[in-house]
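**Student:** Just dropping this structure here.
Every number in this text was worked out from the coordinates using simple rules, so none of it is lab data. These figures come from a predicted structure and were not determined experimentally. Don't worry about glycine lacking a Cβ; one is built from the backbone with ideal geometry, like all the others, and counts go over all protein chains shown.
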Amino acid sequence: MAIKYTHSVTLDSDLCKGCINCIKKCPTQAIRVRNGKAIILEGRCIDCGECVKVCPHHAKKVICPSMDDYKQYKYLVALPAPALYAQFNNVTEVEQVLAGLKGCGFDSFFEVAKAAELVSDATRRLIGQTPKPVISSACPAVVRLIKVRFPSLIEHVLPIVSPMELAARLAKTEVMEATGLKEEEIGCIFISPCPAKMTYINNPIGSKKSWVDGVISFKDIYPALCQSMKNPEPDILETAGRIGISWAISGGECSGLFNVENYMSCDGIERVIKVLEDLEDDKFENLDFVELNACDGGCVGGVSTVENPYIARTKLRKLRKYMPVSRNRLEKSIPANMLWDKHLEYVPVFEMEGTRMEKFKAYAEVEELLKELPGLDCGSCGSPTCRCFAEDVVRGYNTADKCVVKMQKKMEKILSTLMHD
């Protein structure tokens with residue numbers, strides 16, 4: 001099934017050696033090795049970045065623009081993710097990082113942590129109106145995973161825009177009122193720890209359009225930010241408290257749900273998949289809220305971060321020690337710009353194409369072929385598992401003779417026959 005989707009994770013074929021590290025690690029079985037090179041099945045990719053982490057040849061890369069790509073805007077607003085504050089040594093206050101961002105060429109900033117506190121408040125109010133257990137919609141990789149693999153859980157996803165998206169909407173509104181500039185003249189640039197959030201801009205979740213205009217990764221802005229932090233601008237004030245800053249780590253979102261007792265947080269894409277499978281099988285009773293982060297440790301473990309996630313978590317704990325619990329709450333009801341204006345839809349990338357009968361026939365062929373395969377899931381054929389290989393053969397993407405183990409056994413049988421003759 002052809003899916004139009006703009007990705008941030010890409011492959012450099014010149015660097016690819018055709019090893020199978022990536023195909024074994026991909027959570028959605030979106031990678032194959034053909035003719036000695038890896039290929040990414042775009043419809044299945046959720047831009048989690050796992051392949052980037054495990055590729056020993058650095059063939060998997062994250063596409064991310066630089067500051068030079070945003071010169072067309074008259075006014076630039078930095079949207080720093082909370083995890084950014086934990087990437088530096090000798091930083092004792094959030095204001096140091098915020099001041100450094102202004103020194104990097106941004107006209108102003110709007111903390112995503114501030115928007116996170118507003119999302120936490122909205123979640124507390126809305127949680128009783130969504131089928132339980134309610135699943136957080138903050139991690140775009142997880143939401144994308146649910147869309148392609150767990151359709152029965154779509155109705156459980158919280159219909160609130162992510163803190164990144166809300167920050168962009170609030171920031172643009174503030175700047176337009178203060179400067180008189182038009183919306184298209186203002187660039188809201190998210191400082192991102194992962195490729196999934198970069199992909200979100202061109203493929204918004206729950207929204208027809210994203211107000212985020214661009215992304216710069218932690219890794220790309222880190223050198224310039226370290227330099228600009230040496231001579232910070234004065235009178236910079238942080239705008240978020242402990243709740244907003246805590247969104248950078250696993251369990252941080254749950255910590256802001258004061259009125260919810262039965263909640264669970266999980267991080268790491270493989271563990272997230274296990275939780276989603278258990279949710280699908282109704283293995284959790286009386287669970288109200290589930291926070292899921294694709295990256296190990298939460299956003300501090302993103303593939304585009306600089307600091308070790310465990311060290312970053314420790315730094316974040318020190319930064320928030322003397323902060324107030326929260327600095328931001330909704331004054332009245334949940335505003336419309338915080339709610340989705342577009343429903344999630346199931347994307348059947350794993351299903352066979354064709355009519356109902358054609359699908360039935362195709363799956364029968366897969367089962368027959370599986371009986372002939374060794375079931376070792378070795379990956380030598382270029383597919384992550386024997387079932388994937390069988391499906392690829394039935395779809396016409398591969399041929400049955402590519403199974404190395406099966407071919408070896410056939411050759412051994414022929415050799416044994418010749419020796420006995």
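**Student:** Taking only Cα atoms and a 10 Å spring cutoff, compute GNM fluctuations for the chain and point out the largest among 117, 358, 174.
**Tutor:** 358
**Student:** Could you list which residues have their amide H under 5 Å from that of residue 38, counting only those 5 or more apart in sequence or on another chain, with H placed in the peptide plane?
**Tutor:** Here 18 satisfy the definition.
**Student:** What does the charge add up to near residue 226, with Lys and Arg as +1, Asp and Glu as -1, over the other residues with Cβ less than 15 Å from its Cβ?
**Tutor:** Charge balance in the 15 Å sphere: +2.
**Student:** Can I ask one more? Run the reach check for residue 147 against aspartates and glutamates, Cα to Cα strictly under 15 Å, same-chain hits fewer than 8 apart removed. What comes back?
**Tutor:** Straight-distance partners of residue 147: 42, 47, 155, 277, 280, 345, 351.
**Student:** Still on this model: Over the range 1-150, what is the relative contact order in whole percent, taking alpha-carbon pairs under 8 Å and six or more residues apart?
**Tutor:** Computed value for the range 1-150: 20 percent relative contact order.
**Student:** If you take the square roots of the eigenvalues of the alpha-carbon gyration tensor of the range 178-231 and sort them as a ≥ b ≥ c, do you get rounded (a/c under 1.5), prolate (a/b over b/c) or oblate?
**Tutor:** Since a/c reaches 1.5 but b/c is at least a/b, the shape of the range 178-231 is classed as oblate.
**Student:** Please compute the contact order of the range 67-338 in relative form: average sequence separation of alpha-carbon pairs under 8 Å and at least six residues apart, divided by the residue count, as a percent.
**Tutor:** That works out to 30 percent.
**Student:** Please determine, in degrees from 0 to 90 and to the nearest 10, the orientation of helix 404-420 with respect to the longest principal axis defined by the Cα atoms of the chain, where the helix direction is its Cα long axis.
**Tutor:** 20 degrees
**Student:** Separate question: Would you compute, from DSSP H runs of 4+ residues alone, the mean residue ellipticity of the chain at 222 nm, taking -39500 (n - 2.57) per run and dividing by the full residue count, rounded to the nearest 500?
**Tutor:** -11000 deg cm²/dmol
**Student:** Related question: Choose one answer from 255, 13, 246: the residue with the largest mean-square fluctuation in a GNM of the chain with alpha-carbon springs under 10 Å.
**Tutor:** Ranking 255, 13, 246 by mean-square fluctuation puts 13 first.
**Student:** What percent antiparallel are the DSSP beta bridges of the chain, to the nearest 5?
**Tutor:** Values: 8 of 28 bridges.
Of the beta bridges lying entirely in the chain, close to 30 percent run antiparallel.
**Student:** Related question: Give me the aspartates and glutamates in straight-line cross-link reach of residue 74: C-alpha distance below 14 Å, same-chain residues under 8 apart excluded.
**Tutor:** The reachable aspartates and glutamates, counting only those whose Cα sits under 14 Å from residue 74, are 107, 183, 184, 185, 213.
**Student:** Now for a separate question. Starting from the Cα of residue 53, draw a straight line to each of the aspartates and glutamates and keep only those under 15 Å, dropping any in the same chain fewer than 8 residues away.
**Tutor:** Once the sequence-local aspartates and glutamates are set aside, what remains near residue 53 is 12, 270, 296, 307.
**Student:** Given the peptides 347-354, 108-115, arrange them by the average over their residues of other C-beta atoms within 10 Å, most packed first.
**Tutor:** Details: 347-354: 14.6, 108-115: 25.9.
The most tightly packed comes first, giving 108-115, 347-354.
**Student:** Which order do peptides 141-150, 337-346 fall in by mean Cβ count within 10 Å, highest first? The partial results should precede the final answer.
**Tutor:** Values: 141-150: 23.4, 337-346: 14.4.
Result, highest mean Cβ count within 10 Å first: 141-150, 337-346.
**Student:** Run the numbers on the range 318-410 and let me know its relative contact order in percent, using alpha-carbon pairs under 8 Å that are six or more apart.
**Tutor:** Relative contact order here is 18 percent.
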